[in-house]
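Before any comments, here is the structure.
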Amino acid sequence: MTDTCPVAFFLSDGTGITAETLGNTLITQFPEQRFERHTVPFIVTVERARQVAARIDAVAATGRMPVVFSTVVDPDIRDVLAGSQGFFVDLFGTHLPQLESALHATANLQPGRAHGLGDALRYQSRMAAVEYAMEHDDGQSVRALER
């Protein structure tokens, strides 16, 4: 990476997988840009958010562009992160109010729901597929190949 490439921060109150996935999907639309990437998971307190915002501000102070992708649901934590000197892409906060309006319901703002058991049968099926793929990787096992 060069000292002038943009820096992508993927911020989350969970593992960061959703922020990484959505953020990377967006920046792939700019193939001429090479991003330095940093994932910062488990931002669950305002104090931790202040530390992360300071880290983003430190990058901005060097003249590099910090692009921040956030899936943090807590509004107080989100506000701290949005106050940093990075270009803030609020992947949840932007769309949740729209969904609340359309559904005439209030979001529960609980982190980690994307990877939870919203549909237990679908989740169990996915986990079984992952376990099967790992067990049979490169012919390591022939158990239940007929499946």
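The values are calculated or read from the model by the stated rules, or taken from the named source; none is laboratory data. What you see is a predicted model, and the numbers here were worked out from it, not measured in a lab. For neighbour counting, all protein chains shown are included, and Cβ atoms are generated from backbone atoms with ideal geometry for every residue, glycine included.
Worth pointing out:
- Of all residues in region 1-40 being acidic (Asp, Glu) and in a loop (DSSP other than H, G, I, E, B), the one that is farthest from PHE92 (Cα to Cα): ASP3
- In region 40-54, of all residues being in contact with a Ser or Thr (Cβ under 9 Å, 6 or more places away or on another chain) and surrounded by fewer than 17 Cβ atoms within 10 Å (Cβ to Cβ), the one that is farthest from ALA8 (Cα to Cα) corresponds to PHE42.
- Condition check for ARG48: assigned by TED's automatic domain parsing to the domain that holds PHE87, in contact with a Phe, Trp or Tyr (Cβ under 9 Å, 6 or more places away or on another chain) and more than 23 Å from PRO97 (Cα to Cα): yes
- Residue selected from region 41-67 under the condition among the aliphatic types (A, V, I, L, M) and in contact with a helix residue (DSSP H, G or I) (Cβ under 6 Å, 6 or more places away or on another chain), by the criterion farthest from ASP90 (Cα to Cα): VAL46
- Residues within region 65-77 that are farther than 13 Å from GLY14 by Cα and at pLDDT below 95, tallied: 2
- Selected residue (criterion: modelled with the highest pLDDT) from residues of region 94-147 that are outside any helix (DSSP H, G or I) and of a type in the set (Ser, Thr, Tyr): THR106
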